Structure formats: C-alpha cells, structure tokens
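Here's the structure, in structure tokens; my notes come after.
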4 protein chains.
Amino acid sequence: MTDTAPTDAEAACFEAGIKFGSLYHQFAGTPVSPDSADSVATAMEEAIENQPHCRAVEVDVREDELAAAIADGGADYTELTGRFLEVEIVIDYEGCEVVARMEMEDGYPLMRLESVEGRSS
Amino acid sequence: MTDTAPTDAEAACFEAGIKFGSLYHQFAGTPVSPDSADSVATAMEEAIENQPHCRAVEVDVREDELAAAIADGGADYTELTGRFLEVEIVIDYEGCEVVARMEMEDGYPLMRLESVEGRSS
Amino acid sequence: MTDTAPTDAEAACFEAGIKFGSLYHQFAGTPVSPDSADSVATAMEEAIENQPHCRAVEVDVREDELAAAIADGGADYTELTGRFLEVEIVIDYEGCEVVARMEMEDGYPLMRLESVEGRSS
Amino acid sequence: MTDTAPTDAEAACFEAGIKFGSLYHQFAGTPVSPDSADSVATAMEEAIENQPHCRAVEVDVREDELAAAIADGGADYTELTGRFLEVEIVIDYEGCEVVARMEMEDGYPLMRLESVEGRSS
C-alpha cells in the first residue's frame, strides 16, 4: 500500500511556497523608487512574518537594477517586480526547518527550496 | 550525514504552496458580486494554470456565503476573500502529483496538502 | 470668497480615477498568456463594474504585444502590466458622464480623462 | 457649444482618485498585526508618493479596530482592509490642490474629495 499522506517536511515545504506566492503577488506592482525601496522591503518582511510557521523573511532590493530600470523609463519610479528582489524565507513547521530563496536565474526570478532539515526518519 | 537537499516530492509541495499564495494574494480584494463571481473564478483558474508544474486549478465561489455577506453590508458587492472560496490545485512535478485544497475550517480559510503521490523510494 | 467644495463633475472625475487605480493595482502581476488573456479581461471588466457610479468598463489585451513579450522571455506566460492593456471606463455620477482611458503613450501606460459631460452651469 | 474637455481641477481630482484606488487595491489583503501596522502604513505612504502629482500621503492604521478584529479571529494577524485605515492624500496638478480622504462612514470605507483649490476662473 502506498501512503499518500503528506509528511511534516512536505507540509513545511508547502508552507514555504505559500509565503513566496503571497509575498510576490501581494507586493508586485507597487510603485517603487530608490528612496522608497527600504520601506517596501521592510513591509514585505513584517507582513509575511505574520503568517503561520514563518520564522524569518529577508528581502533585499537590488538597487542597481532598480536605478537602471528607472533610468531607462520615462518616470522617476517603476513597478516592483521579481528582477528587483532577492528574498530568503525560513519556515519552522513541526520541527522541520525549510530555507527557500528567490533570486534571478537566466533573467527570470526563480523561487526554489534551498534546504530541508529535521525530516523524521 | 544528513541530507538536506529537497526531494522531488518536497519540491512539488513547494510548488503547490506557491500557487495557493499567488492565487490568494493576487485576487483577494477584487470587487465581487453574485453576477461577477463566475468571471473572477475563471480568471483565477486560467491565470494560475499558467504557472509552471500546475496541471489544474478549480475555484468555486461559495455563492450563499457571498450573497449573505452582501445582504449584511451597505453595498451590492463586496471584496473577495477566503471565506467565499473553495480551491483545489493539482501539481505535477517530476512525476510527483500533489493535490492541495483551500476551504473553511473553524471560520478560517485553511490551505492544506491533501495527497502526495509518486515519491521516489 | 473662494469655494473649495468639489463640483459633481470633479467628484465624477475622482470616481473615474478610483476605478483606474483599482483595476490596475488589483490585476497587475496576474500570470497571463494568450490563452488566458480573455478571461482576465472579462474578470477586470465585471469586477470594476461592481464599483459605485461605474457604468461600463472595456478592457482590451494587446495580444501582439503580449505574444512578443512572451517570445522574448524564458517562460510561456508573463505578468500582466500596463503595456498589454487598453482600458476605457465610463462613469455616471449625479448626471455627469466621464469617459477616461488608459493606453500607451511614449512607452508608458497613461491614464487620462477623455471627456466630461453634464457639468452644471 | 458644450466643452467636454476636462479642466485642470477635474484632472487633479482624477489623479486623486487614481492614488486612492492604487493604494487600496495594492495593499488590501496584506497580512497585518499590531506589530507590523507601522511598516505597512509607511510603505503605503512612500509607494503612492512616487506617483505623479502626488504631494503627500498620510496613512493611519486604526489600531483599536485592528486589535479587536484579531481578538475575534482565530489567528494573531488579519488581512488589511478599509475598516482599519484612515488615509489623506494631497494632489498638486497644474496649480490645483486637491485634498481627498478615506475613512469609515456607516460601516463602509468611503473615499471622498474634501477640497479643490486653484480652479482657473
């Protein structure tokens, strides 16, 4: 018989995914400039840390990329999107710790699991 | 030595979580009425099915709950939020199939994994 | 004495602006492909038409622009943003009819009032 | 002949509306608790102040209302929505100054124009 019930480690990874999807789709599109980048990064961290099983969120705005995009456009701000962000999220669920990251890879903001610790044997 | 590299099944669960967080935080807050409920449900399904590894999304609007909330308020529409939704998402990642659901539990819209199939042994 | 109370026409223009800001920031960031473009356009129209004083919303997705952006990227979908959209909104507020549009101008999605009718004299 | 071209004051009111719709639909749904309320309020202010013709944005979170909603629910945070917010936005467009506010009225978060100054005569 095959057991299809999720393990704690799988549930921890599901929780990590929820946080990434939430963070991205809540804040993508926010008007952002170099002067306002810190406040949106802080708001993203503190908002998502409210969610269950979320131990830590760290958001870095890639300021050079942001400044370059604004220099290319016609306005003095742009819309927040994945290429301006690097994010690390740590989940703690029933003793499993999951670290997940979003960063640019081949020109695309990729979300991926970095490590899963505390699987029951 | 402990291996902390994520399994395919864990990555599939991470992908399922991303889809739920995306769906919820992209569309929560949308003005919705009984007449417009079908169009937002269809848009949610088709939008999230664009995302990688997402085989199927089914969104049901709880129309009785929606009608009751509108009757209680002062307007003829309200904002889309979790208590008006039931969602099922199926992920297919490297041969692992994950089914996840969002539905109300104790008055709170709970996202959870339902089944994980195809783990490598 | 200067009267600073808003006129009905000014209030109608304020309502038109609310609808544009709502439409844009609710739906920007939605995963979109040529196949799902119609459903998100319909959802945008029906959602915003729920809002008060909103007589009509018409959303056209610029499919050529969308296809070109997807061909340039590494995925088979992209995120909805202003350069893929043309929108017309008609407001009716206390007998004033306002028509407003969003369309690309100099590479930037510009929202502007097109006409204001029914000002009291 | 009737002139349907918008006046500068009407355009200023349209701009005020855009800012309110943007602010509301960008940030509604954000997970919020008493501890994170300040950071989301600051992010909202700084984000919207990036937009054209926007001189000032002031966001106050109604902390008593927020605490009461959290006490009623099953979690230690909730979703940001209009009943937790008071917002004032000042627009300056071609010499016209518009002040607009959002606050609760009859249990509903109402956006309204407060004053329009600098109409050309």
(message) Calculate the FRET efficiency for A:Ala71 and C:Asp60 from the Cβ-Cβ distance with a Förster distance of 51 Å, rounded to the nearest 0.05.
(response) 0.95
(message) I'd like to check one number: the per residue accessible area of the protein assembly as shown, probe 1.4 Å, reported in Å² as a whole number.
(response) 42 Å²
(request) Any chance you could check the stretch D:18-36 for residues losing 20 Å² or more of accessible area when the partner protein chains are in, compared with the chain on its own (1.4 Å probe)? (result) D:Ile18, D:Gly21, D:Ser22, D:Tyr24, D:His25, D:Gln26, D:Phe27, D:Ala28, D:Gly29, D:Thr30, D:Pro31, D:Ser36
(message) Let me check I have the definition right: for the stretch A:8-117, take the eigenvalues of the Cα gyration tensor, multiply each by 5, take square roots. What are those semi-axes in whole Å, largest first?
(response) 28, 14, 10
(request) Kindly work out what percent of the DSSP beta bridges joining two residues of chain D are antiparallel, to the nearest 5. (result) 100 percent
(message) Averaged over its residues, how many other protein chain Cβ atoms are within 10 Å of peptide A:87-100's Cβ atoms?
(response) 1
(request) Please report, to two decimal places, log10 I(q)/I(0) for the protein assembly as shown at q = 0.07, 0.11 Å⁻¹ as given by the Debye formula with identical point scatterers on the Cα atoms and no solvent. (result) -0.36, -0.89
(request) Note down the net charge around B:Gly74, summing +1 for each Lys or Arg and -1 for each Asp or Glu among other residues with Cβ under 11 Å from its Cβ. (result) -4
(request) May I ask for the accessible area buried between chains C and B, both sides summed, probe 1.4 Å, to the nearest 100 Å²? (result) 1600 Å²
(request) Only Lys, Arg, Asp and Glu count, each charged at its Cβ (+1, +1, -1, -1), so figure out the dipole size of the protein assembly as shown about its Cα centre, rounded to 20 debye. (result) 0 debye
(message) Quick query: amide H of D:Met104 versus all other amide H atoms, modeled in the peptide plane; which residues come in under 5 Å with a sequence gap of 5 or more or a different chain?
(response) D:Leu110
(request) Report the residues of the stretch C:38-76 in range of a label on A:Met104: point 7 Å along Cα→C-beta, backbone N strictly under 15 Å from it. (result) C:73-74
(request) Identify unpaired cysteines across chain C, taking unpaired to mean no other cysteine Cβ lies under 4.7 Å from the residue's Cβ. (result) C:Cys54, C:Cys96
(request) Mind jotting down the distance between the C-alpha centroids of the stretch D:107-121 and the stretch B:65-79, whole Å? (result) 27 Å
(message) Applying a 10 Å radius around every beta-carbon, put B:77-90, C:64-77, A:10-23 in order of their mean neighbour count, most first.
(response) A:10-23, B:77-90, C:64-77
(request) Name the helices (complete DSSP H segments) of chain B with a Cα length along the long axis of 27 Å or more and a Kyte-Doolittle mean of at least -0.5, or state none. (result) B:8-27
(request) For chain A, give the percent of accessible area contributed by carbon and sulfur heavy atoms, probe 1.4 Å, rounded to a whole number. (result) 41 percent
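The values are calculated or read from the model by the stated rules, or taken from the named source; none is laboratory data. Being a predicted model, the structure only gives us computed values, none of them experimental. No Cβ is skipped: glycine too gets one built from the backbone with ideal geometry, and neighbour counts run over all protein chains shown. Keep in mind that these areas ignore ligands, DNA and RNA; they rest on the heavy atoms of the full protein, side chains included. Shrake-Rupley method; radii C 1.70, N 1.55, O 1.52, S 1.80 Å.
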